[in-house]
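Below you'll find the structure, written out as structure tokens, and then a few comments.
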Amino acid sequence: MIVSGGASGLGLAAGMKFAQNGYDIVIVDIDAAKGTQAESEIRKLGVNALFCQCDISNKAQVEEAGRLVREKFGRADVLINNAGLEIRGSILQCTEADWIRTYDINLKGIYYMSNAFVPLMAAGQGSVINTGSILGYRAVGERAAYSSSKGAIDTLTRSMAYDLAPNGIRVNCVAPGAIDTPLLRGSINDSPDPAATEQFLNSKSVLNRMGRPEEVANVMYFLASDEASFVTGATWFVDGGWSIL
Ligand SMILES: NC(=O)c1ccc[n+]([C@@H]2O[C@H](COP(=O)([O-])OP(=O)(O)OC[C@H]3O[C@@H](n4cnc5c(N)ncnc54)[C@H](O)[C@@H]3O)[C@@H](O)[C@H]2O)c1
């Protein structure tokens, strides 16, 4: 299983979940310190783990990761396109550099990663999971680039599912709500009133709490498994009910 952004948060939880179920794990992440740490944590579970330090918006680096995986493992079963960047700003506030960086990582990163790893999937099997967001469906303030890029991931998922179906590859999307990861913690702590922000995020779930990374990883695991053999092109909300509000 290959997971981008696998050094932290949802990607790390996915790596642990799949490793607990016997998968070898490839972590593709830009953060060397966290990536190396994640690699050793996963190895402790008794499977092979490989950390590829890589910026998924850099084509040459992603292609190199693809070459390494082909050499070491010879094939890919599951690809989780999970790394993402969230930059604050309305359409008027967002700088051009931030707009481009967001789209380069959140969307073009999926393009590069899919081109590097989908060809390693054996004919007739394989599963791709893209990490979208509830913010692709529900508006909050000052997230123009992020929310629109996540909405595009939902559309891209359907397009990929259609095109890769003849290869026996299923493609689905998870759309998390507020999940307590380092990314969201950072955003809470940087807000003018962290306690109020946390309360706001809790209130965006009918369960009145944020989710845990493992709760998203469990759904990713299900979607990749044969239990979900007739599920493709779908977006699964893992949002404590934010989408029904
Ligand atoms: N946490 C939430 O509430 C939430 C909600 C909805 C969607 N998401 C999405 O889930 C995904 C994971 O977020 P998280 O909360 O686990 O964040 P996180 O910050 O804990 O983990 C993200 C990981 O991605 C890596 N990364 C960032 N840019 C990269 C790049 N260019 N190349 C390779 N790796 C890169 C980071 O180093 C980090 O390890 C993101 O796509 C995010 O948008 C998160």
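Counting residues that are touching a residue at least 60 places away in the same chain (Cβ under 8 Å), which helices (runs of 4 or more DSSP H) fully inside the range 154-245 reach at least 2?
Numbers: elements: 182-190, 194-203, 213-224.
Because the criterion is at least 2 residues that are touching a residue at least 60 places away in the same chain (Cβ under 8 Å), the helices (runs of 4 or more DSSP H) in the range 154-245 that meet it are 182-190, 213-224.
Against the definition (on the phi > 0 side of the Ramachandran plot and either of a type outside the set (Phe, Trp, Tyr) or without any contact (Cβ under 8 Å) to a residue 60 or more places away in the chain (or both)), how does Gly74 come out, yes or no? Answer is yes for this residue. Looking across Asp163, Asp180, Asp190, one residue alone is of a type in the set (D, E, K, R) and near the ligand (Cβ under 8 Å from one of its atoms). It is Asp180. Restricted to the range 125-147, and to residues there that are more than 16 Å from the chain's Cα centre (by Cα) and part of a helix (DSSP H, G or I), the residue that is farthest from Ala76 (Cα to Cα) is Ala144. Only a single criterion out of (1) within 20 Å of Ile153 (Cα to Cα); (2) loosely packed, with under 15 Cβ neighbours inside 10 Å is not satisfied by Gln93, namely (1).
In the range 54-68, the condition of being in contact (Cβ under 8 Å) with a residue 12 or more places away in the chain, of a type outside the set (Asp, Glu), at negative phi and in contact with a Pro (Cβ under 6 Å, 6 or more places away or on another chain) is met by no residue.
State the number of residues belonging to the range 192-242 that are of a type in the set (Gly, Ala, Ser) and surrounded by 15 or more Cβ atoms within 10 Å (Cβ to Cβ). Before the answer, list the steps.
Step one: of the range 192-242, the residues of a type in the set (Gly, Ala, Ser) are 195-196, 203, 205, 211, 217, 224-225, 228-229, 233-234, 240-241.
Imposing the further condition that a residue be surrounded by 15 or more Cβ atoms within 10 Å (Cβ to Cβ) reduces the set to 205, 211, 217, 224, 228, 233-234, 240.
Final tally of qualifying residues: 8.
Candidates in the range 130-164 are the residues that are among the polar types (S, T, N, Q) and surrounded by fewer than 24 Cβ atoms within 10 Å (Cβ to Cβ); of these, the one that is nearest to Leu201 (Cα to Cα) is Ser147.
Annotation note: Cβ proximity below 7 Å between a residue of the range 120-146 that is acidic (Asp, Glu) and a residue that is surrounded by 17 or more Cβ atoms within 10 Å (Cβ to Cβ) (sequence gap 6+ or interchain) occurs for Glu142/Gly89. Evaluation of Ala65 against the conditions (1) buried (at least 17 other Cβ atoms within 10 Å of the Cβ); (2) of a type in the set (A, V, I, L, M); (3) more than 23 Å from Pro182 (Cβ to Cβ) shows that the sole unmet condition is (3). Among the residues of the range 189-205, is there at least one that is in contact with a Lys or Arg (Cβ under 6 Å, 6 or more places away or on another chain) and modelled with pLDDT of 95 or more? Yes, there is a match, as at least one residue in the range 189-205 is in contact with a Lys or Arg (Cβ under 6 Å, 6 or more places away or on another chain) and modelled with pLDDT of 95 or more.
Only one of the listed residues (Ile56, Ile100) is aliphatic (A, V, I, L, M) and touching a helix residue (DSSP H, G or I) at 6+ places or on another chain (Cβ under 7 Å). That residue is Ile56.
The values are calculated or read from the model by the stated rules, or taken from the named source; none is laboratory data. For clarity, every value in this text was computed on a predicted model and none was experimentally measured. Reconstructed Cβ throughout: ideal geometry from the backbone, glycine too, with neighbour counts over all protein chains shown.
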